[in-house]
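Notes follow the structure.
The values are calculated or read from the model by the stated rules, or taken from the named source; none is laboratory data. Keep in mind that this is a model prediction, so the values were computed, not measured. FYI the Cβ positions are ideal-geometry reconstructions off the backbone, even for glycines, and counts take in every protein chain you see. Heads up: the accessible areas ignore ligands, DNA and RNA and are worked out on the full protein's heavy atoms, side chains in. Shrake-Rupley method; radii C 1.70, N 1.55, O 1.52, S 1.80 Å.
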Amino acid sequence: KKMPRDKNIKYASRRRKKPLILLTNDDGINAKGIAALENALKSFADLLIVAPSVEQSAMSHSLSLRKPLKCEELSPVKFAVGGTPTDCVNLAVNFILKGDRPDLLVSGINHGPNLGDDIHYSGTVSAALEGGLFGIPSIAVSSVPISSHFEFSAAASFAKEMAKIVLKKGFQKDVILNINVPSLTADKINGVEITFQGQKHYSDVTHVKYDSNGDKFYLISGDEAGHEDLPGSDCNAIHMGKISITPIRIDMTHKQFMDRLKKWGLQNVKA
């Protein structure tokens, strides 16, 4: 649904001679990952960058309902939003683009992995899912640190090639692509694998702490403690130094289990 455009928001619109790509992330408008994406994609596409003004990691698909959102215009094609990654996609489509649709949405490059269970919490993946809900071909790109150093060049280069392929081939509207790239130089990456969502292990997810007054509070963190050894999973691919591409369905219905539920006779159960 098209929404009225905010008169205070200006976007340098023009007839498209190049594809229009919407960039967003959850690490914030000034993050190195989104800057690497911008540099990689600007040579062949027009870019609109709409990202959170501050880091919004692990916000999942959170939407700031009935909360004031500020949108600061940093340039005619770059906007900082005081909200979540999902908010950014909504504002970009409904107000900045006046209900128009970009040809592609790229979310990232995330400063860390979005593998296995991570996708349920990831603002990076959720921004791509929101793009998918708008009918926009969308991909999420994450850089997975092999050491403490982040190397974004390979992820940016691969995102550029993927963007070109998706713009040419497209894919069905109920799917987004979740891409994880080892934080290595391109010559050290061991290829590309099409994967399914794996399972990660975490340790001490919730910690009990006490403040200076002796009052108890809790910290939710969790350190990674390996993953299930599942050949063909995103976790295994990254462990082998490969780029992982996982197609994720927007419709989360387990259609095969629907048939089992029908055999339970639930239709005859009375409330």
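One table, with the values for the structure above:
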quantity: Odd one out for residue 146 among (1) touching a Pro at 6+ places or on another chain (Cβ under 9 Å); (2) open to solvent by less than 30 Å² (accessible area, probe 1.4 Å); calculated: (2)
quantity: Failed item, numbered, when residue 172 is tested on (1) within 19 Å of residue 107 (Cα to Cα); (2) in contact (Cβ under 8 Å) with a residue 60 or more places away in the chain; (3) open to solvent by 70 Å² or more (accessible area, probe 1.4 Å); calculated: (2)
quantity: Count of region 127-138 residues which are touching a residue at least 40 places away in the same chain (Cβ under 8 Å) and out of contact with any helix residue (DSSP H, G or I) (no Cβ under 6 Å at 6 or more places or on another chain); calculated: 5
quantity: Any hit, region 255-265, residues being touching a strand residue (DSSP E or B) at 6+ places or on another chain (Cβ under 8 Å) and within 23 Å of residue 117 (Cβ to Cβ); calculated: no
quantity: Test result for residue 118, closer than 23 Å to residue 197 by Cβ, in contact (Cβ under 8 Å) with a residue 24 or more places away in the chain, among the acidic types (Asp, Glu) and open to solvent by 10 Å² or more (accessible area, probe 1.4 Å); calculated: yes
quantity: Counted residues, region 39-75 - those being open to solvent by 30 Å² or more (accessible area, probe 1.4 Å) and either modelled with pLDDT of 95 or more or on the phi < 0 side of the Ramachandran plot (or both); calculated: 23
